[in-house]
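Asks: My questions all concern the structure below.
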Protein chains: 4
Amino acid sequence: MITKIEGLIAAPFSTQDKQGNILYDRIPLYHDLLEKNEVSGAFINGSTGEGVSLTQKERMKTAEYWALAAKQSKLKIINLVGGTSYAECIENARHSEEIGMDAIALLAPYYFKPANAKALVEFCAKVAEAVPQMPVYFYHIPVLTGCNISMYDFLKEASTAIPNLAGIKYTHEDFMDFQSCINFENGKYDMLWGRDENLLSALILGARGGVGSTFNYAAPLYYQLIDAFDNGDFEMARKLQQQSIDMIRLLGKYGGIATGKAYMRYIGFECGEFRLPVKNMSNEAYQEFEKDVQGLQMQDLFSKL
Amino acid sequence: MITKIEGLIAAPFSTQDKQGNILYDRIPLYHDLLEKNEVSGAFINGSTGEGVSLTQKERMKTAEYWALAAKQSKLKIINLVGGTSYAECIENARHSEEIGMDAIALLAPYYFKPANAKALVEFCAKVAEAVPQMPVYFYHIPVLTGCNISMYDFLKEASTAIPNLAGIKYTHEDFMDFQSCINFENGKYDMLWGRDENLLSALILGARGGVGSTFNYAAPLYYQLIDAFDNGDFEMARKLQQQSIDMIRLLGKYGGIATGKAYMRYIGFECGEFRLPVKNMSNEAYQEFEKDVQGLQMQDLFSKL
Amino acid sequence: MITKIEGLIAAPFSTQDKQGNILYDRIPLYHDLLEKNEVSGAFINGSTGEGVSLTQKERMKTAEYWALAAKQSKLKIINLVGGTSYAECIENARHSEEIGMDAIALLAPYYFKPANAKALVEFCAKVAEAVPQMPVYFYHIPVLTGCNISMYDFLKEASTAIPNLAGIKYTHEDFMDFQSCINFENGKYDMLWGRDENLLSALILGARGGVGSTFNYAAPLYYQLIDAFDNGDFEMARKLQQQSIDMIRLLGKYGGIATGKAYMRYIGFECGEFRLPVKNMSNEAYQEFEKDVQGLQMQDLFSKL
Amino acid sequence: MITKIEGLIAAPFSTQDKQGNILYDRIPLYHDLLEKNEVSGAFINGSTGEGVSLTQKERMKTAEYWALAAKQSKLKIINLVGGTSYAECIENARHSEEIGMDAIALLAPYYFKPANAKALVEFCAKVAEAVPQMPVYFYHIPVLTGCNISMYDFLKEASTAIPNLAGIKYTHEDFMDFQSCINFENGKYDMLWGRDENLLSALILGARGGVGSTFNYAAPLYYQLIDAFDNGDFEMARKLQQQSIDMIRLLGKYGGIATGKAYMRYIGFECGEFRLPVKNMSNEAYQEFEKDVQGLQMQDLFSKL
């Protein structure tokens, strides 16, 4: 029986110094930041966490620090072990089990793309069967993997082939597919919405949890949004979703994913830079960014240190 | 001041005989079918209506018949005059005005694609200014036009450049963009949702009207969905949206847009075939399709003759 | 038996005034420019000729002027009648026959895309069979039509279904597909290469003719290239191809297809602007462009008035 | 001063047993197969070699076996160390240097895509500067990496930023870009053509070397093609290129890259299967494939054991 995760799961940034070394010591502090803001879990080594830009050893050590930090807390830690080599994924999955991760997650291989749902499921099953006691999430993010297979088709294959499949982190805009997955076999799977800017449109379909990068620094906004929705105050929910959009639009203006670390700097939790090939924000750009953020007038919607 | 259209706007199929001749005489009957099922309007000569596959004269004559049919009814008729030649668009727009269309709609040119929002707006303004008294909708459907410019950027340019812009028929899954357009200048524009399979996710954002092909044959389903949403019965709204999805999934199974005419045949309103290059359903395939539709068990959700 | 066209076929620009009216009177002069530079033919109303941006009447009148101009010359005139409505294509094809065009050409429909080679051939056959005595070319340009069906697969279907198919204007970089078409049924079809910047790579595969926009203003360059190739002087042929590339790179720098008309202005044959949504070059940009062209040092490779 | 590689560089398959374990012992035999067929070099751990599907350790051990096997031969060994983590690339690059690889190669990162040529060059420079004495090739294969940056733009940035850049393995159909790279700074870089099916079109532009998967099993075909070209016998060169195409078309028919290992089996050098997510050929499909290969009638164009 799958335990579904409710509420916000943050996808933490990798904390680095200016040379790109990981500052593992900041992970317990990061954990406390999330806990303080009532975040339900952390999806580590994902896109936001730069898992693919780290070495296998760095990914493992990052997971170890998160495991330790969350030992006494309620935060669920999901570790992305996905990659293009199933052998390395298995090594990472087994390590995740040993150190007490709550779940692992897999990506579609992003160099050789699976030809269809069956091939994708075979790849995932190969890893999942190496850790049969671990809940496994599939992380669907076609814009980065280049693999745009319907998750409804995936579930039809995976339902028998991957007994320990727990659900999907769904980072794509196909709501028809998403809703079909929510309703698949009477809601068997934990469907975590992965587009923060559209959370409201997922809630109305029945989603109860989300995984996102902006939950790192704006958890209050989304909890207020969820509350407003639950209370039937749609006007407020829409207003908050629009504020989320205005906040996210700055990511586009300032060059993409690295802007997230600028938001972290803004709330006072420095995470350093992204590794290449991601482009980082210059100090000059940061000054301008800071003014734009102040202009959003959403100070009390950001996470508190 | 823009009059917003609430409720369902059907995009009628072109009624043809087996040789691909248009059966104009069926248009009044089609109008009555929509009226009987409480449809608010008709978006004619669009994708569903095969506007691009008709000649300019056929498009005009189609519009004339719809104008006549709707003369005594409450149905709003929006005529898609968009194409790749602004000169032909203008000719068609003026004719629309003469015969009393309620509004016209424009497409992004789909051979030479506009380089940015400004170029798209210039093209649309060229046509719109020829009929300054007519409300003009932009029909955003990147999957067919290949022009995927943000509509929020479009509105920022169009707000001053196209005084008679009424709104957008939004047939794309970018809810962040869609919501930003709903909220643009205090809700100035009429934002009509164009993906029937996601209507619920648009309603929660504030959409009040939709344009779609499945409203031709399943209007009751969507009106019940809207009612359930308005009454706060989300469980029912989700169930109905899932039924809409199951219905629409058959379009994929049976080869796409032409399946819509099979649904029309199913409810008893024969529309003939689609013109080339659209592929039509064989009679054998129709037999199988019919069984699938019966299996959906949604008999009382289809439109009534 | 198909007559193959050797040498350069120019795709003429539409000659317009500043208001976008077509200056038909310039067509005889245009014809003479091509003839003087030994161009073998003209592919009119194509992408370069803005066929899709003109009205049906303008396309027809353009064809009439070209027919008249070429009556006494050796230039072959191919008229693009392709569009999204086969009924309008047929009307245009019949008119082409009446006024004495040497051949017509068809595009893949670019709104509803054919699902496969069979559907594409059915569409083309519908038009071709209306003018059974006319040679028909298929104009393959996936970057604009969005229809990227293998031409080898097209020929396998079309060989029996379209008896009057003459060949293909191949504007795509798939040399494997192109060479397979050259060798199809012992070289049955006239394969005209449509990427001026790669002409040399097509010549080595056996191509003997090309259709392009830069032949309007730089025919001498390409004739020297072909001569060098035929004489086995590959060093010279490569040098000339590189000069063609340097010339074509300015199209990218100055915003695309409209730059072609700037080259025409440069050689002294004013063609006006492109119609919307194509972006035109400002006068300031033209000044800079002119300097860039002078920097190419290829004065004697341009066409002569 | 860059040493350019002439002739054919094979991209060897990874030799595996049915469980997906690498059979390192077959590498010396593989080396001898290539040597016997006069292949100039081996591009190991590439797409054909499944580098991305192996573990870092397996890649390293594969490289060690190739280094040893080639110690006494003239074969140049280029090791693809590219990936998404520059830290792992550097580790692999240093190991390559230690064991005596002739060169390394890098890929564009294929999860986070570089935004422009500058970002791509920065990523590559980060790795290249860790092994300043090693020649570095960039492996351009947009169809798999999703990074389609012009190589001409890349060279303009890399020329100063990466002093040990040796050249590009160019696996893309943009001949305009390829020729511009050949001619860049008077032919400074070693431009290796990577599309076997278009080799002739690259030779005419001045290419003298190629890297490909079909050189593993059909080296004689391509050497005869190059000879024919060098001798001015274009008819023969075209015929051989067409035979190459007919051979390569079977890859499409039988499901892609794994068909290459079927060709290896056909010539008598068993390489096992591809790892997931690549789909392998069933034994039944192989029987049919074998008949198709015999039908090609090119027995003496395959490599000899």
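The values are calculated or read from the model by the stated rules, or taken from the named source; none is laboratory data. Keep in mind the model is a prediction, meaning the values are calculated, not measured. So basically every Cβ, Gly included, is an ideal-geometry build from the backbone, and we count neighbours across all protein chains shown. All accessible areas refer to the heavy atoms of the entire protein, side chains included, with ligands and DNA or RNA removed. Shrake-Rupley method; radii C 1.70, N 1.55, O 1.52, S 1.80 Å.
Asks: For the pairing of chain A with chain D, what total accessible surface becomes buried, with a 1.4 angstrom probe, in square angstrom to the nearest 100?
Replies: 3000 Å²
Asks: Okay, moving on. Which whole-Hz ³J(HN,Hα) couplings does the range B:5-16 yield from phi under the Karplus relation 6.51 cos²θ - 1.76 cosθ + 1.60, θ = phi - 60°, glycine and proline marked x?
Replies: 9, 9, x, 9, 10, 7, 9, x, 6, 7, 8, 10
Asks: To continue, here is another question. How much of the DSSP bridge set in the range B:7-217 is antiparallel, in percent, rounded to the nearest 5?
Replies: Here the share of antiparallel DSSP bridges comes out near 5 percent.
Asks: While we're on this one: Restricting to Cα pairs below 8 Å that are 6+ residues apart, what does the relative contact order work out to for the range B:125-175? Please round to a whole percent.
Replies: Contact order relative to length: 54 percent.
Asks: Please give the per residue accessible area of the range B:7-217, computed with a probe of 1.4 Å over protein heavy atoms only, in Å².
Replies: With the other protein chains kept in place, the range B:7-217 gives 32 Å² per residue.
Asks: Say a label goes 7 Å from Cα toward Cβ at residue C:287 in every copy; what distances in nm does this one have to the rest, shortest first?
Replies: 3.3, 7.6, 7.7
Asks: Going by amide H atoms built from the backbone, whose H comes under 5 Å of the H on residue A:7, apart from near neighbours?
Replies: A:209, A:210
Asks: With respect to the symmetry axis carrying chain B onto chain D, which residue of chain B exhibits the smallest Cβ distance to that axis, and what is the value in whole Å?
Replies: So the chain B residue sitting closest to the axis is B:148, 9.
Asks: Moving to a separate point now. Lysines near residue A:126 by alpha-carbon distance under 21 Å, same-chain residues fewer than 8 away left out - which ones?
Replies: A:113, A:118, A:156, A:169, D:18, D:57, D:279
Asks: Once Lys and Arg get +1 and Asp and Glu get -1 on their Cβ, which of B:154, B:119, B:21 lies farthest toward the positive end of the dipole of the range B:7-217?
Replies: B:21
Asks: Which distances, in nm and shortest first, link the residue A:72 label point to the same label point in every other copy, taking 7 Å along Cα→Cβ?
Replies: Spacings between copies for this position, smallest first, are 6.6, 8.1, 10.1 nm.
Asks: Amide H of residue B:77: which non-local residues (sequence gap of 5 or more, or other chain) have their own amide H closer than 5 Å, using H built in the peptide plane?
Replies: It is B:42, B:102, B:103, by chain and number.
Asks: Output, in nm with one decimal and in ascending order, the distances from the residue D:25 label point to the matching label points of the other copies (7 Å from Cα along Cα-to-Cβ).
Replies: Between copies, matching label points for residue D:25 lie 5.2, 8.5, 8.9 nm apart.
Asks: Could you quote the convex hull projected area for chain A, Cα atoms only and averaged over all directions, in nm²?
Replies: It is 14.5 nm².
Asks: Normalising by the residue count of chain C, find the relative contact order in percent from Cα pairs under 8 Å and 6+ residues apart.
Replies: Dividing the mean separation by the residue count of chain C yields 19 percent.
Asks: Separate question: Please work out the Cα convex hull volume for the range B:1-136 and give it in Å³ per residue.
Replies: 114 Å³
Asks: Further question: Going by amide H atoms built from the backbone, whose H comes under 5 Å of the H on residue D:16, apart from near neighbours?
Replies: D:23, D:272, D:273
Asks: Follow-up question, since we're still on this one. Expressed as a rounded percentage, what relative contact order does the range B:30-124 have, with Cα pairs under 8 Å and six or more residues apart?
Replies: Relative contact order for the range B:30-124 comes out at 27 percent.
Asks: Could you check how much of the accessible area of the range B:7-217 is carbon and sulfur, as a whole percent, using a 1.4 Å probe?
Replies: Here it works out to 47 percent.
Asks: Only protein chains counted, 1.4 angstrom probe. Which residues of the range C:204-222 are at least 30 Å² less accessible in the assembly than when their chain is isolated?
Replies: C:204, C:205
Asks: Only helical DSSP H runs with n ≥ 4 go in: add -39500 (n - 2.57) per run for chain A, normalise by residue count and round the 222 nm mean residue ellipticity to 500 deg cm²/dmol.
Replies: The helix-only estimate for chain A comes to -13500 deg cm²/dmol at 222 nm.
Asks: Please identify the trypsin sites (Lys or Arg not before Pro) of the range B:1-110 that satisfy two criteria: DSSP loop assignment and at most 10 other Cβ atoms within 10 Å. Which are they?
Replies: B:18, B:74
Asks: Considering every Cα-Cα pair within the range D:3-66, what fraction, in whole percent, is farther apart than 13 Å?
Replies: 62 percent
Asks: Shifting gears a bit: Report, ordered by chain and residue number, the aspartates and glutamates lying within cross-link reach of residue D:74, taken as a straight Cα distance under 16 Å and ignoring same-chain residues fewer than 8 apart.
Replies: Once the sequence-local aspartates and glutamates are set aside, what remains near residue D:74 is D:6, D:32, D:35, D:38, D:102.
Asks: Now for a separate question. Treat every Asp and Glu Cβ in the protein assembly as shown as -1 and every Lys and Arg Cβ as +1, leave all other atoms uncharged, and give the resulting dipole magnitude about the Cα centre to the nearest 20 debye.
Replies: Value, rounded to 20: 0 debye.
Asks: Can you work out ³J(HN,Hα) from phi for every residue in the range A:184-193, in order, using Karplus 6.51 cos²θ - 1.76 cosθ + 1.60 and θ = phi - 60°, giving whole Hz and x for Gly and Pro?
Replies: The phi angles translate into 5, 6, 6, x, 4, 9, 7, 9, 9, 6 Hz.
Asks: Next question. Please name whichever of C:257, C:286, C:299 sits farthest to the positive end of the charge dipole of the range C:243-300, dipole taken about the Cα centre and charges placed at Cβ: Lys and Arg +1, Asp and Glu -1.
Replies: Among C:257, C:286, C:299, the one farthest towards the positive end of the dipole of the range C:243-300 is C:257.
Asks: Would you mind pulling out the separation of the Cα centroids of the range C:205-221 and the range C:103-159, in Å?
Replies: Distance between centres, Cα-based: 23 Å.
Asks: Quick check: with the 1.4 Å probe, what order do D:222, D:24 take by accessible area, largest first?
Replies: D:24, D:222
Asks: Build a GNM of chain D with springs between Cα atoms under 10 Å: which of D:97, D:290, D:197 gets the top mean-square fluctuation?
Replies: In this elastic network of chain D, the residue with the biggest mean-square fluctuation among D:97, D:290, D:197 is D:290.
Asks: Highest GNM mean-square fluctuation, chain D, Cα pairs closer than 10 Å: which of D:145, D:62, D:160?
Replies: D:160
Asks: Tell me, what ³J(HN,Hα) does each residue in the range C:227-242 have, in order and in whole Hz, if you take phi through Karplus 6.51 cos²θ - 1.76 cosθ + 1.60 with θ = phi - 60° and put x for Gly and Pro?
Replies: 4, 4, 4, 4, 8, x, 8, 5, 4, 5, 4, 5, 4, 5, 5, 5
Asks: Still on this structure: Putting +1 on Lys and Arg Cβ atoms and -1 on Asp and Glu Cβ atoms, find which of A:145, A:206, A:52 reaches farthest to the positive end of the dipole of the range A:7-217.
Replies: In the range A:7-217, that residue is A:52.
Asks: I would also like to ask the following. With charges set only on the Cβ (+1 for Lys and Arg, -1 for Asp and Glu), what does the dipole of the range A:7-217 come to about its Cα centre, in debye to the nearest 20?
Replies: 100 debye
Asks: Another question, then. How much accessible area does residue B:64 have with a 1.4 Å probe, in Å² rounded to the nearest 10?
Replies: Per-residue accessible area (residue B:64): approximately 80 Å².
Asks: Based on Cα positions only, what radius of gyration and what Dmax would you give for the protein assembly as shown, in angstroms?
Replies: 31.1, 93
Asks: Can you tell me the mean projection area, over all orientations, of the convex hull of the range A:122-208's alpha carbons? Units nm², please.
Replies: Projected area, direction-averaged: 5.5 nm².
Asks: Quick one: check the C-alpha center-to-center distance for the range A:237-253 versus the range B:226-305, whole angstrom.
Replies: Value for the Cα centre distance between the two parts: 36 Å.
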